[in-house]
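Single-structure report; data block below.
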Amino acid sequence: MTQNYKMPMKYNTTRKFRGHCEKCGKEVSQDEIYKYLDGNNVSITYYSQYLCKECYEERYGKQI
C-alpha cells in the first residue's frame, strides 16, 4: 500500500444490529449474536452477517 492510503470512513464503525439473525430470521439478543471477524481484511468483517449460534456454527464450524 502507499503511504497516502486512507481507509474509507464507513469501516470505522460496525453495521447496525437489527435484533435478529440475518440468515434464519430468529430474534436474538445482542449478547447472543455472532459475527465473523477477519484480522486481515476490514471489508470482510464489515459485511459479515450477524448470525445466531446455530447458523454461525453451520457456516464457519464450531469455534473454540
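Bear in mind these aren't lab numbers, they're just calculated from the coordinates by the rules spelled out. Note that this is a predicted model, so its numbers are computed, not measured.
Things worth noting here:
- When only Cα pairs below 8 angstrom with a gap of at least 6 residues are kept, the chain shows a relative contact order of 30 percent.
- Just so you know, the Rg over Rh for the chain is 1.06, from Cα atoms, with Rh as the Kirkwood radius.
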